[in-house]
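Take a look at this one; I'll ask things after.
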């Protein structure tokens, strides 16, 4: 569950795009992110650099995305979920949304656009739903995927895929 952003970026504010790509990072944090990327194969060293970047810029989306991706691709899903929760809170903050994703409504932001920050929120919610399901918290995962589909009625982000996988799992269990 990659936290990257497809689409044309049409309508995205330059500031939103720049923040997600690392604008506003203290120079040391950017350096640590680059070092973490170059040391990806060396888990402890890469994580040390990610944590140093986090210490310098604790809530910056670029740092959070780096941590999320590291844990996800290393298969450390419980730790990834913890980062996803922080990402969800930050995405809610950047979009002026409720901190409780269950309270967010489709008209709270322009979720149908390709604006980066609403899109970031949707991708984070999808990652959260996926991780919950993978970790066996099926009810929470399905609820989050259902909320994602409510917010993204055209399903650009792919909530239906998560819900279909869950339905197939339930069908297999019944047989």
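Which value at 222 nm does the chain reach when only helices count, each DSSP H run of 4 or more adding -39,500 (n - 2.57), with the total divided by all residues and rounded to the nearest 500 deg cm²/dmol?
For the chain, the value works out to -21000 deg cm²/dmol.
List the relative contact order of the chain as a percent without decimals, with contacts defined as Cα pairs under 8 Å and 6+ residues apart.
The normalised contact order for the chain reaches 21 percent.
Continuing with this model, one more query. What's the FRET efficiency of residue 146 with residue 113 using the Cβ-Cβ distance as r and R₀ = 25 Å, to the nearest 0.05?
The pair residue 146/residue 113 has a calculated efficiency of 0.70.
Sort region 112-175 into rounded, prolate or oblate with this rule: let a ≥ b ≥ c be the square roots of the eigenvalues of the Cα gyration tensor; rounded if a/c is under 1.5, and if a/c is not under 1.5, prolate when a/b is larger than b/c, oblate otherwise.
The shape class here is prolate.
Provide the gained length on full extension for the span residue 105 to residue 78, in nm with one decimal, where the gain is 0.36 nm per separating residue minus the Cα-Cα distance.
Extending this stretch completely gives an extra 7.0 nm.
Relative to the longest principal axis of the chain, what angle (0 to 90°, nearest 10) does the C-alpha long axis of helix 116-134 take?
Relative to the chain, helix 116-134 is tipped by roughly 70 degrees.
Hey, what did region 101-175 get for relative contact order, percent, Cα under 8 Å, at least 6 apart?
Over region 101-175, the number comes to 29 percent.
Just so you know, all these numbers are worked out from the coordinates, no wet-lab data involved. The structure displayed is predicted, hence computed values, not measured ones. Glycine also receives a Cβ, built like all others from the backbone with ideal geometry; neighbour counts cover every protein chain displayed.
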